[in-house]
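First up is the structure itself, then whatever we jot down about it.
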Protein chains: 2
Amino acid sequence: MRKIILFLFIFHIIHLPAQESIWWKTPTTSPEIYDNHMVTFRLVAPRAKEVLLVGEFLPPSYVVKDGITTELTGTASLRKGGDGVWTYTTPRPLEPGYYNYNFVVDGLTITDPSNIHTSRDVVKISSVFFIEGGWSDYYRDQDVPHGTLSHVWYHCDKTDRDRRLAVYTPAGYGEYGLRYPVLYLLHGMGGDEDSWATLGRAVQILDNLIAQGKAKPMIVVMTNGNMDQQAAPGHGPEGFIKPDLELTPAYDGVFEESFPSIVRFIDKAYHTVPRKQWRAIAGLSMGGFHAMQISRAYPDFFDYVGLFSAAVGREQGDIPLYQNPMEKLRTQFSKKPALYWIAIGKEDFLYDANAEYVQLLETNRFRYEYFETGGGHTWNNWRFYLTEFLRKLF
Amino acid sequence: MRKIILFLFIFHIIHLPAQESIWWKTPTTSPEIYDNHMVTFRLVAPRAKEVLLVGEFLPPSYVVKDGITTELTGTASLRKGGDGVWTYTTPRPLEPGYYNYNFVVDGLTITDPSNIHTSRDVVKISSVFFIEGGWSDYYRDQDVPHGTLSHVWYHCDKTDRDRRLAVYTPAGYGEYGLRYPVLYLLHGMGGDEDSWATLGRAVQILDNLIAQGKAKPMIVVMTNGNMDQQAAPGHGPEGFIKPDLELTPAYDGVFEESFPSIVRFIDKAYHTVPRKQWRAIAGLSMGGFHAMQISRAYPDFFDYVGLFSAAVGREQGDIPLYQNPMEKLRTQFSKKPALYWIAIGKEDFLYDANAEYVQLLETNRFRYEYFETGGGHTWNNWRFYLTEFLRKLF
């Protein structure tokens, strides 16, 4: 018992009778980012036996099993000081970037208790930090005019339920009586309407590109493509659920068939120009599949299409919307889309599927743009693809 | 090295070469809430020696030091199973409520790695869950018409900087050409424009009360009262800062003096009725102090005033806005505010200061309402106060 009380004294630094227990200070300073872009990570854990740092900015390791080499996320060992504080300093400066990491304390993966900034990817929560410079400056909040991010509900006719959207409107929206083009931006499996704004840094990318005159002011509508959810986990009547990829229906056509009611809602509720030339659709992974199917099924809706690491060729079931794909594709391209943009990383597990799709477009002389990068099926790539794609719109 | 690789195999369940490392599944199921409202907490930590659960729903303990009794947040020990999974089940059902908790693993306080739902209070991040029923049903998302929550930037004339607001507009806003009353809702020390929507569950409370006809449809503007921030940590050009109560200026009059530019912005950007009878202001703790000062300094702005656990009597420095308080108060009350509502918990460390303020109003025969509850300086009380206050507005 003595131990427990002692512990509580240390960690609940200010504890007034029957008040909320707040930490007014984090246990230590971590991460500490130096001017030269080296970084020190710290964890106060006097009783731990081993503390590891796991992060994609560390050199990866490799393991061979049954002849297959698998790359493992880089790890580094923290060293324990006499004060019970574990530390690790990067041996050299980190490249500019938006990074995430976790600590592993005696085998238990946790976020950094001294870093209040975290990001959730499906069910994995990581601590995050920025190294400024380069592309990462597009992903950081800068002192530029800021757009508005709204969480808005629309009525989905297909499911007869209210569902949630994240909608970006650019700085100045509503002030000058202007109408704006609209980009519909779709997430991947395990994601939701919040993914592009959180993991994807879409709001910052838009604010920065628009401020620099590199993208047109536009409305961006971020949808929820999981038809078993009305909203992102924790934001709808389903309550504090967690995403379950095995239970969530995908590639069954229902989201695609429901899409026109989203477009109708947006054209009614926002200052848009309800015309194909002023509409774009893009998505990553499952959302790339959705963007491909939706733009093909409704060939008069979208003049700009972006497929980022798209999960092409995943059609399931006997869905009318998926039938006669070549006929639909021919109709879509006969109408000469302003942009059909395919982006993929060389190490993406969907690389071959995308290569095959590109070959199909090539064979049929359908006009598209192809953007190949390094890296794989990662948010690093999707942030980069969004930044490139936005410059090409409208 | 073998140990590390083994670990990574276990925790990165699906790890494709050079793909993002995602957990598709959490390590276990926790918390598990049974139909009878008992709850099991679980943590996978085979190498841990001791795992505690800390939560306000557990019986508190007490410690006496220098003759002063201090209440400590309740703790319980988890028991280790043969599979390395630690568990604790509440001995009896929990009362309906919105609860937060942490695990303490060998002295290290962490969130529950199997629960993706967390909440940040200043720098403390806790895992959260609901036990439905009673008041907590106001705080949960229900299947009712939902308002919109927007993160909007306005220009602050006093500091000549753009600053961020969270603005709630009720379901149907903008559809019928209606104009709405406005509540300005202010946070406490260490909080920001996001606190009422996250910790305070203000969006759910508003949606539910409005749907039940217990509150009028209204616009609610949640401000950032820390004048060294343009936005909540991680949402402004300051970057991934953490709140520091020692460095953040407070009780210096600057926020209060800057307030008219917020009201002007809202009256311009939203469908409001720009009149005193259609405006309310309320705040908790430091925000209660702000609401008291602002409503007193601008007696023609707000007809409804709510002070929740207000930090009365904290004026610092030689600030014009704070001077001649009695004269200002007399002017304010001579204009007969529709509601001047003071709420405080019996165990709040600001109880005596509020009692003194109530006595001052009483002595001067100023008309107010006083709402005394159990409990202390907690979000449990502030959510409850907001729910009560909203019913009295407009």
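Every read-out reported here was derived from the displayed coordinates using simple, explicitly stated rules and does not represent laboratory data. Since this is a predicted model, take the numbers as computed values, not measurements. Neighbour counts run over all protein chains shown; Cβ positions are idealised from the backbone, glycine included.
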(message) What is the sum of charges, Lys and Arg at +1 and Asp and Glu at -1, for the other residues whose Cβ falls under 12 Å from the Cβ of residue A:368?
(response) +1
(request) Give me a single rounded figure for B:117-123: the average over its residues of other chain Cβ atoms within 10 Å of their Cβ. (result) 5
(message) Which residue, B:127, B:253, B:191, has the largest displacement toward the positive end of the dipole of chain B when charges sit on each Cβ (Lys, Arg +1; Asp, Glu -1)?
(response) B:127
(message) Just to confirm the numbers: residue A:77, label point 7 angstrom along the Cα-Cβ line, distances to the other copies in nm, shortest first?
(response) 3.2
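Using r as the Cβ-Cβ distance of residue A:159 and residue A:275, and R0 as 35 Å, what FRET efficiency do you calculate, to the nearest 0.05?
0.80
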(request) Starting from the eigenvalues of the Cα gyration tensor, five times each then square-rooted, give me the equivalent ellipsoid semi-axes of the range A:238-394, largest first, whole Å. (result) 22, 21, 18
(message) List, shortest first and in nm to one decimal, how far the label point of residue A:59 (7 Å from Cα along Cα→Cβ) is from its counterparts in the other copies.
(response) 5.6
(message) Using a 10 Å cut-off around each Cβ, can you sort A:209, B:284, A:199, B:206 from fewest to most neighbouring Cβ atoms?
(response) A:209, A:199, B:206, B:284
(request) Could you please rank B:356, B:132, placing first whichever residue has the fewest other Cβ atoms within 10 Å of its Cβ? (result) B:356, B:132
(message) About the Cα centre, and with charges only on the beta carbon of Lys, Arg (+1) and Asp, Glu (-1), how big is the dipole of the range A:164-316? Nearest 20 debye, please.
(response) 680 debye
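In this model, which of B:216/B:346; B:25/B:49; A:49/A:80 are farther than 18 Å apart at the alpha-carbon?
Long pairs (Cα-Cα over 18 Å): B:216/B:346; B:25/B:49.
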(request) With an 8 Å cut-off on Cα pairs and a minimum separation of 6 or more residues, tell me the relative contact order of chain A in percent. (result) 11 percent
(message) With a 10 Å cut-off between alpha carbons and a GNM built on chain A, which of A:183, A:78, A:108 moves the most?
(response) A:108
(request) Could you tell me the largest-minus-smallest coordinate of the C-alpha atoms of chain A on each of the three principal axes, in descending order and whole angstroms? (result) 74, 55, 42
(request) Could you give the spread of the C-alpha atoms of the protein assembly as shown along their three principal axes, from largest to smallest, in whole angstroms? (result) 89, 63, 54
(request) State the answer as a single residue: which of A:171, A:88, A:139 lies farthest towards the positive end of the charge dipole of chain A, with beta carbon charges of +1 for Lys and Arg and -1 for Asp and Glu, about the Cα centre. (result) A:171
(request) Could you please rank A:386, A:321, placing first whichever residue has the fewest other Cβ atoms within 10 Å of its Cβ? (result) A:321, A:386
(message) Give me the percent relative contact order of the range B:20-134, please, defined on Cα pairs under 8 angstrom at least 6 residues apart.
(response) 28 percent
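Taking every DSSP beta bridge with both residues inside the protein assembly as shown, roughly what % is antiparallel (nearest 5)?
Antiparallel: roughly 65 percent of the beta bridges in the protein assembly as shown.
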(request) Find every distance from the label point of residue A:367 to the corresponding label point in the other copies (7 Å from Cα along Cα→Cβ) and write them in nm, one decimal, shortest first. (result) 7.3
